[in-house]
Structures are given as structure tokens and as C-alpha cells.
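**Student:** Take this structure first; my questions come after.
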Amino acid sequence: MKIGIIGLPQTGKTTLFGALTRGTTQVSQSKTNLAAVGVADADLEYLADVFKPKKTTPASVEFADVPGIPSGQENASRRNELLKDVKNVDALVEVFDAFTQAPSTVGLTDQIESFDLDLALVDLEIVEHRLERMKKEKMTPPLERERDLLSSSHSCL
Ligand SMILES: Nc1nc2c(ncn2[C@@H]2O[C@H](COP(=O)(O)OP(=O)(O)O)[C@@H](O)[C@H]2O)c(=O)[nH]1
Ligand SMILES: [Mg+2]
């Protein structure tokens with residue numbers, strides 16, 4: 001499983017990444033940090049003990065810590081650039097700074113809403129672009145299904 005850690009700059013993403021990967025990786029603040037962590041599993045250890053295989057490979061979770069994603073329309077291209085590194089993850093973890101301000105403040109709620117709105121706009125652009133391109137393609141049943149799915153995503157976004 002691959003998990004992307006995203007958020008505004010200076011919110012604690014790299015700190016979280018360091019904690020999750022137990023500080024095993026040299027971290028950068030300007031590039032996406034990647035590390036995989038083996039998942040401890042007592043059942044796997046027991047089975048390895050019984051069967052003594054040549055090799056035991058635990059399940060692993062891969063984390064991608066993306067540099068801070070700036071807010072605002074003027075930063076749209078930088079945002080697209082940074083989000084490329086998390087396009088293929090299974091889940092996104094959004095990190096917000098609740099340590100320099102009280103978590104109950106309106107500011108934090110606003111930050112979360114506007115960050116999610118920025119993400120939705122990125123998705124909308126991708127969907128519109130693909131739908132536009134599909135108009136030029138010869139329709140086949142799989143393409144029709146894709147178009148239907150994208151159309152419903154479009155209205156949802
Ligand atoms: N007080 C406090 N400081 C934190 C916490 N998480 C991160 N920081 C500090 O906030 C700053 C930015 O953290 P960093 O992980 O580099 O943020 P990033 O830009 O999102 O990767 C650093 O000085 C961290 O030590 C937290 O939970 N509490
Ligand atoms: Mg960072």
C-alpha cells in the first residue's frame with residue numbers, strides 16, 4: 001500500500017514521515033521523500049518459524065512525503081507539479097498545523113476547506129481535459145464506461 005502525505009508548507013508532514021518511517025531516511029524539504037516500512041506481523045513470524053522459508057517478506061507500507069503544497073490560484077502550476085508524485089497512491093493523508101493555533105479556531109477549518117477545494121479543482125481540470133480528448137476518440141464499450149464515470153465525477157466535483 002502506498003500513502004501520500006500532503007498539506008500546506010510547515011504543517012508537520014516531514015515530522016510525521018520521520019515518525020512513520022522511524023527516522024530511517026535522509027529527508028529533504030524540497031523534494032518528495034519516499035520510504036517503505038515493513039509491517040510487523042506475529043502470524044508471519046510464527047509461520048516463518050514453522051516453515052523456515054529461504055526468504056520472508058513482510059507486507060510493507062510505502063510513504064511519500066510531498067513538499068508543502070501552496071494555496072491560491074497563482075500557485076496552480078506548482079500545485080499540479082507537486083501532486084504528480086501522489087497520483088498513484090492508495091490513500092492521501094492531509095496534515096494541518098494545529099500546534100501553532102487552537103484546533104477549534106475558524107482559521108484551521110477554513111484552511112482545510114480551501115485546501116480540499118484546491119485539490120478538487122486539480123481533479124476537475126484533469127477530468128475536463130480527459131473528457132475533451134475523448135471527444136476525438138472512437139468510442140468503444142470500455143471508453144464509454146470511462147466517459148460515463150468521468151461525467152459523473154465531473155458533476156460531483
Ligand atoms: N509544536 C509542534 N511542532 C511541530 C509539530 N510537527 C512539526 N512541528 C515543527 O514544525 C516545523 C515544520 O515541520 P515539518 O515537519 O518540517 O513540516 P512540513 O513543511 O509540513 O514538512 C518544524 O520546526 C517541526 O519541528 C507538532 O506536532 N508540534
Ligand atoms: Mg516537509
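The values are calculated or read from the model by the stated rules, or taken from the named source; none is laboratory data. Computed from a prediction, not measured in an experiment: that's the story for all the values here. Accessible surface is based on the protein model in full, side chains and every heavy atom, while ligands, DNA and RNA are left aside. Shrake-Rupley method; radii C 1.70, N 1.55, O 1.52, S 1.80 Å.
**Student:** For Lys52, list the aspartates and glutamates whose Cα falls under 15 Å from its own Cα; do not include residues on the same chain fewer than 8 positions away.
**Tutor:** Straight-distance partners of Lys52: Asp43.
**Student:** Multiplying the sequence separation of Thr15 and Ala59 by 0.36 nm and subtracting their Cα-Cα distance, what value in nm do you get?
**Tutor:** Working: separation 44, 0.36 × 44 = 15.84 nm, distance 2.33 nm.
Length gained, Thr15 through Ala59: 13.5 nm.
**Student:** Measure out, as a whole number of angstrom, how far apart the alpha-carbon centroids of region 83-157 and region 13-70 sit.
**Tutor:** Using only Cα atoms, the two centres lie 26 Å from each other.
**Student:** Over region 1-86, calculate the relative contact order: mean separation of alpha carbon pairs under 8 Å at least 6 apart, over the residue count, as a percent. Write out the running numbers ahead of the final one.
**Tutor:** Numbers: 110 pairs, mean separation 36.0, N = 86.
42 percent.
**Student:** Based on the Kirkwood radius over alpha-carbon pairs, what value in µm²/s does the Stokes-Einstein equation return for the translational diffusion coefficient of region 1-95 at 37 °C and 0.692 mPa s? Spell out each step's value before the answer.
**Tutor:** On the way: Rh = 14.8 Å.
Rounded, D is 221 µm²/s.
**Student:** Separate question: If the limit is 31 Å between Cα atoms, which of Lys2/Lys54; Lys87/Lys136; Lys13/Lys136; Lys54/Lys84; Lys84/Lys138 go over it?
**Tutor:** Beyond 31 Å: Lys13/Lys136; Lys54/Lys84.
**Student:** How large a share of the accessible area of region 102-157, in percent, is made up of carbon and sulfur atoms when the probe is 1.4 Å and the other protein chains stay in place? Walk me through the numbers on the way to the answer.
**Tutor:** On the way: 2430 of 4090 Å².
In region 102-157, the share of accessible area belonging to carbon and sulfur is 59 percent.
**Student:** Run the helix sum for the chain: -39,500 (n - 2.57) per DSSP H stretch of 4+ residues, divided by residue count, reported at 222 nm to the nearest 500 deg cm²/dmol.
**Tutor:** Result for the chain, helices only: -14500 deg cm²/dmol.
**Student:** What is the projected area of the convex hull of the Cα atoms of region 47-157, averaged over all directions, in nm²? It would help to have the intermediate numbers written out before the result.
**Tutor:** Working: hull surface 52.8 nm².
About 13.2 nm², averaged over all directions.
**Student:** Here is a further query. Filter the DSSP H helices in the chain by two things, a Kyte-Doolittle mean of at least -1.0 and an axial alpha-carbon span of 24 angstrom or more, and list the hits by number. Kindly include the intermediate steps, with their values, before the conclusion.
**Tutor:** On the way: long enough: 106-134 (42 Å, 0.18).
Span-like helices in the chain: 106-134.
**Student:** Can you give the relative contact order of the chain as a percent, counting alpha carbon pairs under 8 Å and 6+ residues apart?
**Tutor:** Numbers: 172 pairs, mean separation 46.1, N = 157.
After rounding, I find 29 percent.
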